[in-house]
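Chemist: My questions will all concern the structure given below.
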């Protein structure tokens, strides 16, 4: 009887864990409705599930002639919470991610403008510095400060 109770309790615990939503997952569907707090509690992998954001990353890589790494296309690896960077009337979202177990050689900082869907990136791919989609000094300065690249 005691064994049956243990099995039932274990089954209930497992089903509760499986039914619980991911603690940090944020469904990003409409950029205009995101609050600053929601953005600052989101991660690269949250944004990468949004088709518009993902398309902007692909577009930036295509325009640069550099192939998008599989790890980045699939949602990246470890990342810190996103940040809102205000520059004049523009409210950029700064995200970062890296390739799991290879962060020092493969990491990117992504600057995304939700209003225009413009994306710029800076970081390292295979330990080589990359700048993608950087079209003005403000964007370059923000990415330079974040990534440490000059």
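Chemist: Quick one: residue 53 ticks every box in (1) more than 21 Å from residue 148 (Cα to Cα); (2) surrounded by fewer than 21 Cβ atoms within 10 Å (Cβ to Cβ) except a single one, so which number is it?
Modeler: (2)
Chemist: Do you know which residues across segment 104-140 are over 17 Å from residue 63 (Cα atoms) and out of contact with any strand residue (DSSP E or B) (no Cβ under 9 Å at 6 or more places or on another chain)?
Modeler: Answer for segment 104-140, where residues must be over 17 Å from residue 63 (Cα atoms) and out of contact with any strand residue (DSSP E or B) (no Cβ under 9 Å at 6 or more places or on another chain): 126, 127, 128, 137.
Chemist: Taking the condition of being in a strand (DSSP E or B) and crowded, with 21+ Cβ neighbours inside 10 Å, how many residues in segment 101-123 meet it? Spell out how you get there, then give the answer.
Modeler: First, pick out the residues of segment 101-123 that are in a strand (DSSP E or B): 107-113, 118-123.
Then drop every residue that is not crowded, with 21+ Cβ neighbours inside 10 Å, which leaves 107-112, 119-123.
Total satisfying the criteria: 11.
Chemist: While we're on this one: Scanning segment 83-93 for residues that are under 14 Å from residue 115 (Cα atoms) and assigned to a strand (DSSP E or B), which turns out nearest to the chain's Cα centre (by Cα)? Explain how you work it out, then say what you get.
Modeler: Here is the first cut: in segment 83-93, the residues under 14 Å from residue 115 (Cα atoms) are 84-93.
Those still in the list that are assigned to a strand (DSSP E or B) too: 84-87, 90-93.
Working: 84: 13, 85: 15, 86: 18, 87: 20, 90: 19, 91: 16, 92: 13, 93: 10 Å.
Among those residues, the one meeting the criterion is 93.
Chemist: While we're on this one: Output the residues belonging to segment 128-150 that are in contact (Cβ under 8 Å) with a residue 12 or more places away in the chain, assigned to a helix (DSSP H, G or I) and more than 19 Å from the chain's Cα centre (by Cα).
Modeler: Listed by number, the list holds a single entry, 138.
Chemist: Which residue is surrounded by the most Cβ atoms within 10 Å (Cβ to Cβ), if the candidates are limited to segment 71-82 and must be part of a loop (DSSP other than H, G, I, E, B) and out of contact with any strand residue (DSSP E or B) (no Cβ under 7 Å at 6 or more places or on another chain)?
Modeler: Once the filter is applied, the top-ranked residue is 75.
Throughout, read-outs are computed from the coordinates displayed, never taken from laboratory work. Bear in mind that the values here come from a model prediction, so they are computed numbers and not experimental data. As a convention, Cβ positions derive from the backbone with ideal geometry for all residues, glycine included, and neighbour counts pool all protein chains shown.
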